[in-house]
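Down below is the structure, laid out as structure tokens.
The values are calculated or read from the model by the stated rules, or taken from the named source; none is laboratory data. Note that this is a predicted model, so its numbers are computed, not measured. All Cβ positions, even for glycine, are placed from backbone atoms using ideal geometry, and neighbour counts span all protein chains on display.
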Amino acid sequence: MKKVLLTGAAGFVGRHCLGPLHKKGFKIHAVHYRHKPLTVPFKVTWHRTDLMNKNAVKNLVAKVKPTHLLHLAWCTVPGDYETSHEISAG
């Protein structure tokens, strides 16, 4: 079974990937942190996870065991995203 872990799933780009992934037959595990999970007319398993927490990410990947990863999470705070410490961390 194809299983995708989609980060940034509730964001501007990620939300538009849910439908096409579903149509391609993926079981969707979607990560959100700052936004509430979206309501969609098909099954999505939502995981509230802080992607800046390495242990949380490790545990999530071990739990989900995805066959695919689509990483679309990004810091998008207006006026902050280009110089955010979150982007350059790690």
With the checklist (1) more than 11 Å from the chain's Cα centre (by Cα); (2) closer than 10 Å to ALA73 by Cβ in hand, flag the one item HIS16 doesn't pass. (2)
Which listed residue is at pLDDT 95 or above, in contact with a Pro (Cβ under 8 Å, 6 or more places away or on another chain) and of a type outside the set (Lys, Arg), from VAL64, VAL44: VAL44
Give, as residue ranges, the strands (runs of 3 or more DSSP E) completely inside the stretch 22-72 that count at least 1 residues that are loosely packed, with under 14 Cβ neighbours inside 10 Å, out of contact with any Gly (no Cβ under 6 Å at 6 or more places or on another chain) and not hydrophobic (A, V, I, L, M, F, W, C). 44-48, 68-71
